[in-house]
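Worksheet: the structure to be examined is printed underneath.
All of the numbers you see were taken from the coordinates with simple rules; none came from a lab. Since this is a predicted model, take the numbers as computed values, not measurements. For neighbour counting, all protein chains shown are included, and Cβ atoms are generated from backbone atoms with ideal geometry for every residue, glycine included.
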Amino acid sequence: MQSPLQAIDLTTSRDQSFVEDVARESGQDLRSCYQCGNCTAGCAYTMNYDIPVHQIMRLVQLGLRDKALSCRSIWLCATCQACTTRCPNNIEVAVVMDVLRHMARRAGHAPERLVKTFTDGFLASVARHGRVFEAGLAACFALKSGKPLQDAGLGPAMLSRGKLAFLPHEPGGNGKAEVAAIFQRFLKDQESGK
Ligand code: SF4
Ligand code: SF4
C-alpha cells in the first residue's frame, strides 16, 4: 500500500525565481520566517484554509510556485493583518498573502471563483464610480454568481435603513477622476510588466 505522505522532490519542483519574485513584490525578507506558527495561531480564517498561512510561507521559501498559487487560502484571506502583528520577525505576512493572490490571478488560478467574482465586481464599481456602488455591486454579484435570489430578501430592509441607495454616491471635486487615474496607472504598469 502506498504511503499517504509523499516527499517533495525539491530538485525538480523548486523555482528560485518565484522566491525572488515574491520577495521583490512584497518587500519582505522571506528567509527570516522560522516557522514558529504564530501567524496561523492568530488567523481567524485558518479553519477554512486548505493550507495554513505559516505553511504557505514555507511553500514560498521552498519555491513551490504551483502549490502556493493554486491553494484556496490566499483567496479566503481577509487581510485582517493579525498574522502580521503576531510575527516575531516583523514579516508583513498579510502583504505576502496579497502578493500571492495577485500572482495567482496573473497565472490564471482562481479556486475560489465567487471570491474572484466579488473582487472583480468591487474593483469595477470603484473604477467606474470613484467609490463602490453597493446596490449595483450586489446586483452584479447576484447575477454572476448564478444565485440571483440568494440575498434578495435583505434588499428591502437595507434600503429602508439607508444602507443601500438606488443611485451611486460619487465623490465630489476631482475625487472620481483621481480614482480613475489610479486604475489607469495600474493597468499601464501591468501592460509594461512592472
Ligand atoms: S491577514 Fe489573512 S492570513 Fe493573515 S491572519 Fe488575517 S486572514 Fe489570516
Ligand atoms: S509568525 Fe512569522 S516567523 Fe512565525 S511562521 Fe509566521 S511568518 Fe514565519
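When +1 charges are put on Lys and Arg Cβ atoms and -1 charges on Asp and Glu Cβ atoms, the dipole computed for the stretch 113-191 relative to its Cα centre reaches about 160 debye. Projecting the Cα positions of Ala127, Ser70, Ala44 onto the charge dipole of the chain (unit charges on Cβ atoms of Lys, Arg, Asp and Glu, taken about the Cα centre) puts Ala127 furthest along the positive direction. The mean sequence separation of alpha-carbon pairs under 8 Å and at least six residues apart, normalised by the residue count of the stretch 113-191, gives a relative contact order of 36 percent. A simple count of charges around Thr119, restricted to other residues whose Cβ falls under 10 Å of its Cβ and scoring Lys, Arg +1 and Asp, Glu -1, yields +1. Within the stretch 14-106, the ratio Rg/Rh, alpha carbon atoms throughout and Rh by Kirkwood, equals 0.91. With runs of 4+ DSSP H residues as the only contributors, calculate the mean residue ellipticity of the chain at 222 nm using -39,500 (n - 2.57) per run, divided by the residue total and rounded to the nearest 500. Counting only the DSSP helices, I get -16000 deg cm²/dmol. Once the Cα atoms are used to define both axes, helix 113-129 deviates from the longest principal axis of the chain by about 50 degrees.
Taking 25 Å as the limit for the C-alpha separation, the pairs Lys67/Lys116; Lys147/Lys188; Lys67/Lys188 exceed it in the case of Lys147/Lys188; Lys67/Lys188. Here the Gaussian network model covers the chain, with springs between Cα atoms less than 10 Å apart; of Leu143, Leu100, Leu30, Leu143 fluctuates the most.
Report, in degrees rounded to the nearest 10, the 0 to 90 angle that the Cα long axis of helix 134-144 makes with the longest principal axis of the chain. Taking Cα atoms only, the helix is inclined about 60 degrees.
Among the GluC sites (Glu not before Pro) in the stretch 80-188, none sits in a DSSP loop with a Cβ that has at most 11 other Cβ atoms within 10 Å. Put a plus charge on the Cβ of each Lys and Arg, a minus charge on the Cβ of each Asp and Glu, and nothing anywhere else: the dipole of the stretch 14-106 about its Cα centre is then about 160 debye. Treating the angle as unsigned and between 0 and 90°, give the value, to the nearest 10°, between the Cα long axis of helix 16-26 and the longest Cα principal axis of the chain. Between helix and principal axis, roughly 40 degrees. Hey, rough spin-label estimate for Asn89 and Arg31, points 7 angstrom out along Cα→Cβ, what's it come to in nanometres? Here the answer is 1.0 nm between the modelled labels.
How high is the relative contact order of the stretch 14-106, in percent, with contacts defined as C-alpha pairs under 8 Å that are six or more residues apart? Averaging sequence separation for qualifying contacts and normalising by length gives 35 percent for the stretch 14-106.
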